[in-house]
Amino acid sequence: MYRQRGVSLSGLLMWSVVLILAALLGFRIGPPYFEYLTIKKQLQAIAGDPAARSGQRRDVEDAFSKRAMIEDMPSLNAKDLVITKEADGFVISAEYSVCRPVVANIRACMDFAPTSRR
């Protein structure tokens, strides 16, 4: 005699709720994380850009502002950048926080610290 295997209706509903909550969390947390990756990529590009190679704050801010407008990076302002000179050039870094509502009064708050270091 064969024993039946499978998922019961209550098990299906339970797993559906878990998967929906995980997808909801991913949809809320995903965009800020992808924006962080974009900001990090743009900071690395600015650090290697010949136009901003002087390391002057105004040049770096202008380059970042142009790239932020094109790439749609609203979480970080050019004034928030920290430029540090090093022996082989300069490093651009910043720190910012993003809070996104998840469900009702539950919020996901994330702290990011992108830098132009590789």
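So that you can scan it fast, the table gives a plain yes or no per residue for (1) among the small types (Gly, Ala, Ser); (2) surrounded by 16 or more Cβ atoms within 10 Å (Cβ to Cβ); (3) part of a strand (DSSP E or B):
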{"residue": "Arg67", "(1), (2), (3)": "no, yes, no"}
{"residue": "Pro74", "(1), (2), (3)": "no, no, no"}
{"residue": "Ile83", "(1), (2), (3)": "no, yes, yes"}
{"residue": "Phe90", "(1), (2), (3)": "no, yes, yes"}
{"residue": "Cys99", "(1), (2), (3)": "no, no, yes"}
{"residue": "Val102", "(1), (2), (3)": "no, no, yes"}
{"residue": "Ala108", "(1), (2), (3)": "yes, no, yes"}
{"residue": "Asp111", "(1), (2), (3)": "no, no, yes"}
*Residues satisfying the stated conditions in region 102-118, i.e. at pLDDT below 90 and either more than 18 Å from the chain's Cα centre (by Cα) or over 15 Å from Leu37 (Cα atoms) (or both)*: Val102, Val103, Ala104, Ile106
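What number of residues within region 32-47 are without any contact (Cβ under 8 Å) to a residue 12 or more places away in the chain and either surrounded by 11 or more Cβ atoms within 10 Å (Cβ to Cβ) or among the hydroxyl-bearing types (Ser, Thr, Tyr) (or both)? Quick ask: steps written out before the conclusion?
Step one: of region 32-47, the residues without any contact (Cβ under 8 Å) to a residue 12 or more places away in the chain are 34, 37, 41.
Restricting the remaining residues to those that are either surrounded by 11 or more Cβ atoms within 10 Å (Cβ to Cβ) or among the hydroxyl-bearing types (Ser, Thr, Tyr) (or both) gives 37, 41.
The total comes to 2.
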*Taking region 28-64, which residues are touching a strand residue (DSSP E or B) at 6+ places or on another chain (Cβ under 9 Å), among the basic types (Lys, Arg) and part of a helix (DSSP H, G or I)?*
Arg28, Lys40, Arg57
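The values are calculated or read from the model by the stated rules, or taken from the named source; none is laboratory data. Bear in mind that the values here come from a model prediction, so they are computed numbers and not experimental data. Please note: Cβ atoms are built from the backbone with ideal geometry, for glycine as well, and neighbour counts cover all protein chains shown.
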